[in-house]
Amino acid sequence: MTGKKYIESAKLIEKTKLYDAEEAIGLVCQTAKAKFDETVELHVRLGVDSRHADQQVRGAIVLPNGTGKTVRTLVFAKGDKADAATAAGADYVGAEDMVQKITTENWFEFDVVIATPDMMGVIGRLGKVLGPKGLMPNPKAGTVTMDVAKAVNEAKAGKVEYRLDKTNIIHCPIGKASFGAEKLGENFNALMGAIIKAKPAAAKGQYIKSCVVATTMGPGIKVNAAKLG
């Protein structure tokens, strides 16, 4: 069942039309009709094959206007690195004790996991639970690092990780509907710029196959991919 609000929103959009990014983002703000501040998401289908190692697209970027979400950080570190993480405002800092808490209590009160390289052996035991949730720290995303303070600050400032799913699509939040078209547009451009820059050398043909913006509860709005690069 599609609700009344969804149908109202869908009326604003021409299903077959490919919109310029600016117009699409303006429309997406109009389609946000839920009672809560909806997240605006970007879905980009790429002309690559994620099964091949040389066609992976993955990275992270701090959005100019953040995501509008409060990000809870968990840092695996010891000694002065643990102190640096705490000073930077990490929500949780620990080592083996945190592994224990996650495995025995099924505790997941965090959104981003950051670790110093020496802790990866300890975290390895959590691969089965963190992996499927997309929470495993990764050097490409800047979440395996000696500079834990910087990683905490970036996570809090609205860093998003983009990566291909099995169907070669990247799904990423670009902010909240309440940001308005201008701020969402800046975030959209920053993220698209990063994805275009991350184009693998092995990718052939059209790189950006399709691009859609949508709110959490709203209909998808197609963006003209040909104009994106």
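The values are calculated or read from the model by the stated rules, or taken from the named source; none is laboratory data. None of these values were measured; they are calculated from a predicted model. Cβ sites come from the backbone with ideal geometry, for glycine too, and all protein chains shown count toward neighbours. Please note that ligands, DNA and RNA were not included when accessible areas were found on the heavy atoms of the full protein model with its side chains. Shrake-Rupley method; radii C 1.70, N 1.55, O 1.52, S 1.80 Å.
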Gyration tensor (Cα only) of the chain to equivalent ellipsoid, semi-axes in Å sorted down, yields 34, 21, 16
A student asked for the Cα radius of gyration and Dmax of segment 1-58 in angstrom ought to give 15.7, 45
Here the net charge surrounding V212, from other residues whose Cβ is less than 10 Å away from its Cβ (Lys, Arg +1; Asp, Glu -1), is +1
GNM on the chain, Cα springs under 10 Å; top mean-square fluctuation among D111, D80, D54 goes to D80
Note on segment 151-229: alpha-carbon gyration tensor, axes a ≥ b ≥ c; rule is a/c under 1.5 for rounded, else prolate if a/b larger than b/c, else oblate; result oblate
The size of the Cβ-based charge dipole (Lys, Arg +1; Asp, Glu -1) of segment 1-105 about the Cα centre, to the nearest 20 debye, is 460
Computed over the chain: longest principal axis from alpha-carbon atoms vs helix 96-105 long axis, angle to nearest 10 degrees, is 60
Taking the convex hull of the alpha-carbon atoms of segment 123-187 and averaging its shadow over every direction gives an area in square nanometres of 6.0
Among the Cα-Cα pairs of segment 18-152, the proportion with separation greater than 23 Å, in percent, is 47
Here, trypsin sites (Lys or Arg not before Pro) of segment 178-221 satisfying both criteria (DSSP loop; at most 15 other Cβ within 10 Å) are K204
Rounded to the nearest 10 Å², the accessible area of R163 using a 1.4 Å probe with every protein chain kept is 100
The orientation-averaged projected area of the Cα convex hull of segment 36-115, in nm², is 8.7
One finds the C-alpha centres of segment 3-23 and segment 173-224 to be spaced, in Å, by 16
In the neighbourhood of E96 defined by beta carbon distances under 11 Å, the net charge of the other residues (Lys, Arg +1; Asp, Glu -1) is +2
Under a Gaussian network model of the chain whose springs join Cα atoms within less than 10 Å, the largest fluctuation of G94, G79, G26 belongs to G79
Rounded to the nearest 10 Å², the accessible area of H52 using a 1.4 Å probe with every protein chain kept is 90
Note: probe point = Cα of A10 + 7 Å toward Cβ; backbone nitrogen < 17 Å; residues of segment 16-41 passing the test are 16-17, 28, 31-34
Taking every other residue with Cβ under 14 Å from the Cβ of K150 and scoring Lys and Arg +1, Asp and Glu -1, one gets +1
With Cα springs under 10 Å, the Gaussian network model of the chain assigns the largest mean-square fluctuation among A157, A190, A202 to A202
Probe 1.4 Å, all chains present, heavy atoms only: E8 accessible area in Å², nearest 10, is 80
